[in-house]
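Here the structure is laid out as structure tokens; the discussion comes afterwards.
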Amino acid sequence: MDDKPSPGAVSESSEHLFSFGVIADIQYANLEDGYNYQGTRRRYYRHSLLHLQGAIEHWNKESRPPCCVLQLGDIIDGYNAQYQASEKSLEVVMKVFQRLKVPVHHTWGNHEFYNFSRDYLTNSKLNTKFLEDQIEHHPETVPTGSFYAYHFVPFPKFRFILLDSYDLSVLGVDQTSPKYQLCLKMLKEHNPNLELNSPQGLSEPQFVQFNGGFSQEQLNWLNAVLTFSDTNQEKVVIVSHLPIYPEASDSVCLAWNYRDALAVIWSHECVVCFFAGHTHDGGYCEDPFGVHHINMEGVIETAPDSQAFGTIYVYPDKMMMKGRGRVTDRIMNYRKEKPFPF
């Protein structure tokens, strides 16, 4: 594992406010190393647990521990369902997370839904909505739908929002439900392939079965939270399993209606960065509105002699990511003024 200089050394004049950890796509399974579905990329199913242990040991040893850790989804691999090992593998990973001395916030990805139904997840330890911060006298920021999303404030004037990027999805949903039928219709309208996981020939390659999207209800809720944050001059970090900005991601990994999510975010001043997983390769881009899009490298495809997690150090004028192993260091300055709309 390569050792990089501490972000604190880059800007000693700036006051360090707090920090948080980020990790994505652990995809643990008690299996020998294998490959992705195309047979082109190595996956280290058992070793992903050792990477997680290493990350937790690092965070626990920091002289000033992070306020929390963001787990960006795909905590266990879909292969577990095939071997009837879903609950056992989740228990193994959650026991490792119990060693972490700070709260962990879990997002849900496609591999969660390969293993479990939405109802199961709602009643599982992967539902961390109990850590939500209630905004007093603002009922619009309390979700009324079935989506799994919430927000919290780890430090004054900094709000974190977890989004449900499988709110619209054919995964983990009762196939007799109206929502499943609606999502299947939406998917097939954009993807005529017999294999719905194939993007072959698609003008919008994100419309595959292993992706999902955001309902209008969730986008309205997001807009309400961001409106509150604008009014109260907060900085906002948004978290999702699926990325939403094409320049930071492989196009086949984007949320179905990523443009709708961007439209909401770009109508507000407060958003600093958007963290996602899913791509495994990682990616980064600052969009024209000054929002930093960071796609975290996946633990599952990280060789035993490397690592894949990051710690973000927050300052009054920027956030700085200290990456470990194949995760790149980043400086994310806050935008100074809103650009002209397109």
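The values are calculated or read from the model by the stated rules, or taken from the named source; none is laboratory data. Because the structure is a prediction, the values reported are computed rather than measured. Backbone-built Cβ (ideal geometry, glycine too); neighbour counts: all protein chains shown. Areas reflect the complete protein model, heavy atoms only, side chains present, ligands, DNA and RNA absent. Shrake-Rupley method; radii C 1.70, N 1.55, O 1.52, S 1.80 Å.
Data table
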{"item": "Virtual spin-label span in nm between Q98 and D329, 7 Å along Cα→Cβ", "result": "3.7 nm"}
{"item": "Projected label distance in nm at Q233 and S203, using a 7 Å step from Cα toward the beta-carbon", "result": "4.6 nm"}
{"item": "Cβ-derived FRET efficiency at R0 41 Å, A303 paired with Q84, nearest 0.05", "result": "0.90"}
{"item": "Kyte-Doolittle mean at least -1.0 and Cα axial length at least 15 Å: DSSP H helices in the chain", "result": "47-61, 86-97, 178-190, 216-231"}
{"item": "Of all DSSP beta bridges in the chain, antiparallel share, percent nearest 5", "result": "55 percent"}
{"item": "Net charge contributed by nearby residues that have their C-beta within less than 9 Å of F158 (K/R +1, D/E -1)", "result": "+2"}
{"item": "Filter on K88/K125; K235/K336; K61/K235; K101/K322 - keep pairs with C-alpha separation over 23 Å", "result": "K61/K235"}
{"item": "Filtered trypsin sites (Lys or Arg not before Pro), the stretch 32-115: DSSP coil and at most 13 other beta carbons within 10 Å", "result": "R46, R99, K101"}
{"item": "Nearest-10 value in Å² for the accessible area of S203, using the 1.4 Å probe", "result": "120 Å²"}
{"item": "Carbon + sulfur, % of accessible area of the stretch 171-214 - ligands and nucleic acids excluded, 1.4 Å", "result": "56 percent"}
{"item": "Additional length obtainable on full extension of the chain from S177 to E217, 0.36 nm per residue less Cα span", "result": "12.6 nm"}
{"item": "Pair R46, E195: separation of 7 Å Cα→Cβ label points (nm)", "result": "3.0 nm"}
{"item": "Mean shadow area of the stretch 237-279, taken as a quarter of the surface of its Cα convex hull (nm²)", "result": "2.8 nm²"}
{"item": "Mean separation of Cα contacts under 8 Å (6+ apart) over length of the stretch 148-280, as relative contact order %", "result": "27 percent"}
{"item": "Pairwise centroid distance, computed over Cα atoms, of the stretch 97-141 with the stretch 24-43, Å", "result": "24 Å"}
{"item": "Fraction of accessible area attributable to carbon and sulfur, the stretch 227-342 (%, probe 1.4 Å)", "result": "50 percent"}
{"item": "Per residue value of the accessible surface for the chain (all protein chains in place, 1.4 Å probe), Å²", "result": "43 Å²"}
{"item": "Area projected by the alpha carbon convex hull of the chain, averaged over all directions, nm²", "result": "17.1 nm²"}
{"item": "Selected from L184, Q84, A149, residue furthest toward positive end of dipole (the chain; charges at beta carbon)", "result": "Q84"}
